[in-house]
Amino acid sequence: GDSVTQMEGPVTLSEEAFLTINCTYTATGYPSLFWYVQYPGEGLQLLLKATKADDKGSNKGFEATYRKETTSFHLEKGSVQVSDSAVYFCALSDRGGNKLTFGTGTQLKVEL
Amino acid sequence: EAQVTQNPRYLITVTGKKLTVTCSQNMNHEYMSWYRQDPGLGLRQIYYSMNVEVTDKGDVPEGYKVSRKEKRNFPLILESPSPNQTSLYFCASSLGSTNRLFFGEGSRLTVL
């Protein structure tokens, strides 16, 4: 079945550092790919998405590119802020759009 | 304000005592889903519903029931809760499919 593998956390960075959170997936066909973010005490919210190969999703300075050849969707940000501290989830949607499969989440801590 | 509302937010109960976690959305979304979040396992789908009177099992449906009698509501029912159902539960909704899920704030359930 479909699966998503994320790097384990926590990831601790200093403010203004470069961020990469790795995500790879296994799926049949051509899934849509997502990054969701969960701030402390809140539900998840969509950060960005890409629906086909080579698409780049971007939002709030975060970017991720759908790489079909490496089955990856790594999240990047050039300069993180303390307010980016959260748990980040990579996810994929099956072809029918009925089910979203999540990775285990990566906690990011940004310090001054 | 567009939102997904879950109740209760926190609940401690005992084994075998039936409980219902309510979920309501005000965005006229067709798709609704329940997830549980456990450390190291990420989010796993329990049940989903594509529309009124249409429900289907997710990855971990055992011990849970759902109903979708109205478009806005999607309650999660634990007929006889057990300690392994201690978890953080999220309800989510979207327009049509999993293209963009809106999450509730979560319901933390403890079964003693």
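The numbers here are math on the coordinates, done by the rules we state, and not lab data. Keep in mind it's a predicted model, so treat the numbers as computed, not measured. Every residue, glycine among them, receives a Cβ derived from its backbone with ideal geometry; neighbour counts consider all protein chains shown.
Given 0.36 nm per residue, what is the gain on full extension from A:Y39 to A:T12 after removing their alpha carbon distance, in nm?
Values: separation 27, 0.36 × 27 = 9.72 nm, distance 1.55 nm.
Result for the pair: 8.2 nm of gain on full extension.
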What does the charge dipole of the protein assembly as shown about its Cα centre add up to, to the nearest 20 debye, if the Cβ of each Lys and Arg holds +1 and the Cβ of each Asp and Glu holds -1? 660
What list do you get for B:H29, A:H74 if you sort them by fewest beta carbons within 10 Å? A:H74, B:H29
Roughly speaking, what is the stretch gain from B:L95 to B:R9, that is 0.36 nm per residue apart minus the C-alpha to C-alpha distance, in nm to one decimal? 28.5 nm
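What percent do you get for the relative contact order of chain B when only Cα pairs under 8 Å and 6+ apart count? Each step should come with its number before you reach the end.
Values: 302 pairs, mean separation 40.8, N = 112.
Relative contact order of chain B: 36 percent.
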Cα-projected label distance for A:T70 with B:L112, points at 7 Å along beta-carbon direction, nm: 5.1
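Given Cβ point charges of +1 (Lys, Arg) and -1 (Asp, Glu) and nothing else, what value in debye, to the nearest 20, does the dipole of chain B about its Cα centre take?
Working: 13 positive and 10 negative charges, 39 e Å.
The dipole of chain B has a size of about 180 debye.
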With at most 15 other Cβ atoms within 10 Å, longest stretch of chain A clear of loop GluC sites (Glu not before Pro) (DSSP): A:70-112
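Sum up the lysine pairs in chain B that clear both bars: alpha-carbon distance under 19 Å and a spacing of 8 or more or different chains. Spell out each step's value before the answer.
Working: B:K17/B:K65; B:K18/B:K65; B:K57/B:K65; B:K57/B:K69; B:K57/B:K71.
Taking the Cα cut-off of 19 Å, the pair count is 5.
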Mean separation of Cα contacts under 8 Å (at least 6 apart) over the residue count of chain A, i.e. the relative contact order in percent, is 36
In nm, spacing of pseudo-spin labels at A:N59 and A:R95 (7 Å Cα→C-beta vector): 2.6
